[in-house]
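Chemist: Dumping the structure here so I can ask a few things about it.
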Amino acid sequence: MAADSNSLEGRERRRHQRVKVQVSVEIHTDEDAAPLRLSTDDISLCGCYVETMFPLGVGAKVFMTLWLNDKPVRTKAVVATKYPQVGNGFDFVDMSLDDLLKVSEFIKAMAAEHSIDAC
């Protein structure tokens, strides 16, 4: 059994292929708060990574607007990872099917541009 668990080390555990691409993103932590205007480092069908010097705490709930080809894609998200002075990983938790399709098409297009095999 130990050999099997060791063979899993270093393997990708993400549910969906991610693409390294900068996308403008607005993050609202509160309805009344001004949005944080940042950009992604990578994006997948189920989340993204955003670089920021002041990351949010794990579990924080936010509302995001991603700008894909100058078109807004809106979703609720939850902070999944926090790396101080580096950034946050976000899981998308409530995205419309229409916006999910836009993200999927965007990832496929970016993967094709960069010769990456996307799911």
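Chemist: Mind listing just one residue for me: the one in the range 43-58 that is under 8 Å from the mean Cα position of the chain (by Cα) and not in a strand (DSSP E or B) and, of those, nearest to Leu100 (Cα to Cα)?
Modeler: Just the residues of the range 43-58 that are under 8 Å from the mean Cα position of the chain (by Cα), to begin with: 43-50.
Next, only the ones that are not in a strand (DSSP E or B) stay: 45-46.
On the way: Leu45: 7, Cys46: 9 Å.
So the residue we want is Leu45.
Chemist: Sort out which residues of the range 59-96 are in a strand (DSSP E or B) and on the phi > 0 side of the Ramachandran plot, and write them in order of number. Break it down into steps so the answer makes sense when it comes.
Modeler: First pass over the range 59-96, keeping only residues in a strand (DSSP E or B): 61-68, 71-83, 87-95.
Gly87, the sole residue that qualifies.
Chemist: Further, regarding this structure: Give me the pairs, please: first residue somewhere in the range 97-113 and assigned to a helix (DSSP H, G or I), second residue anywhere and exposed (fewer than 15 other Cβ atoms within 10 Å of the Cβ) and not hydrophobic (A, V, I, L, M, F, W, C), beta-carbon distance under 7 Å, and either six or more positions apart or on two chains.
Modeler: Matching pairs, first to second residue: Asp99/Arg74; Lys102/Lys71; Phe106/Asn69; Ala111/Asp117.
Chemist: Hey, could you check the range 52-76 for residues that are modelled with pLDDT of 95 or more and of a type in the set (D, E, K, R) and say which is surrounded by the most Cβ atoms within 10 Å (Cβ to Cβ)?
Modeler: Among those residues, the one meeting the criterion is Lys76.
The values are calculated or read from the model by the stated rules, or taken from the named source; none is laboratory data. Remember, it's a predicted structure, so these values are computed and weren't measured experimentally. Because the Cβ atoms are built from the backbone with ideal geometry, glycine has one as well, and the counts that use them run over all protein chains shown.
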